[in-house]
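**Q** Handing you this structure, nothing more for now.
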Amino acid sequence: MQGDAKTNYLNTISEYKDEANRIKKAEERVEEVEAFMKSCIIIETTEAQKLFIAELSTNKNPPFQNNKNNFNDALILRNICEFVENEVPALYDLIYVSNNPDDFVDKETKEVYSDLLVGLNPIRLKNVTELGEALKLAPELIEDFDEWLEIQLDNQAMYELDIMRGK
């Protein structure tokens, strides 16, 4: 390395050699993560969701066909899908990040087992194995949502204009 690249590299290394600085950086990162987690919505599971997943498990329906205990993960997935269905004002994508997609994804269709989504409106569910991949997909989805939101705001403005005109 030469020039600025070498200088930047040496500065970075020197920051990590200083234990007090490493501890400070680690504490700052922990605070960032805690602030993020505290800003998240807590979605409580319902008795109906627990019973639904228990029924799947008892009947050995996917994802329980392999005698594997997927109860908690299946409950989380069902809970999030119901939350999106009930709280999000329009159909849009949900990115499901799981390190064990084989437990929840039908190998033939490459989709989350339909048994988990029985009774729910269709959700465009994209499953990925790495958070980084989900973060790369997120801007596309946000653009779609922003476009939808802009249309809704225009519609609301037109509605209020009609009211003002006495229509």
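The values are calculated or read from the model by the stated rules, or taken from the named source; none is laboratory data. Please read all numbers here as calculations on a predicted model, not as lab measurements. So basically every Cβ, Gly included, is an ideal-geometry build from the backbone, and we count neighbours across all protein chains shown. Quick note on the areas: whole protein, heavy atoms, side chains included, nothing else; ligands and nucleic acids left out. Shrake-Rupley method; radii C 1.70, N 1.55, O 1.52, S 1.80 Å.
**Q** Inspect the stretch 39-49 for any residue being exposed (fewer than 10 other Cβ atoms within 10 Å of the Cβ) and outside any loop (DSSP other than H, G, I, E, B) and give the result as yes or no. Lay out the reasoning, then the answer.
**A** Step one: list which residues in the stretch 39-49 are exposed (fewer than 10 other Cβ atoms within 10 Å of the Cβ), which gives 39-42, 44, 47.
With the extra rule that they be outside any loop (DSSP other than H, G, I, E, B), the set shrinks to 39, 47.
Yes, that holds for at least one residue.
**Q** Given the conditions (1) open to solvent by 60 Å² or more (accessible area, probe 1.4 Å); (2) out of contact with any helix residue (DSSP H, G or I) (no Cβ under 8 Å at 6 or more places or on another chain); (3) under 26 Å from residue 150 (Cα atoms); (4) not assigned by the TED database to the domain that holds residue 152, which single one is not true for residue 121?
**A** Of the numbered conditions (1) open to solvent by 60 Å² or more (accessible area, probe 1.4 Å); (2) out of contact with any helix residue (DSSP H, G or I) (no Cβ under 8 Å at 6 or more places or on another chain); (3) under 26 Å from residue 150 (Cα atoms); (4) not assigned by the TED database to the domain that holds residue 152, the odd one out for residue 121 is (2).
**Q** Could you please give the count of residues in the stretch 54-77 that are farther than 14 Å from residue 103 by Cα and open to solvent by less than 70 Å² (accessible area, probe 1.4 Å)? Let's see the steps before the verdict.
**A** Here is the first cut: in the stretch 54-77, the ones farther than 14 Å from residue 103 by Cα are 54-55, 58-59.
Of the ones still in play, those that are also open to solvent by less than 70 Å² (accessible area, probe 1.4 Å) are 54.
Within the stretch 54-77, residues that are farther than 14 Å from residue 103 by Cα and open to solvent by less than 70 Å² (accessible area, probe 1.4 Å) number 1.
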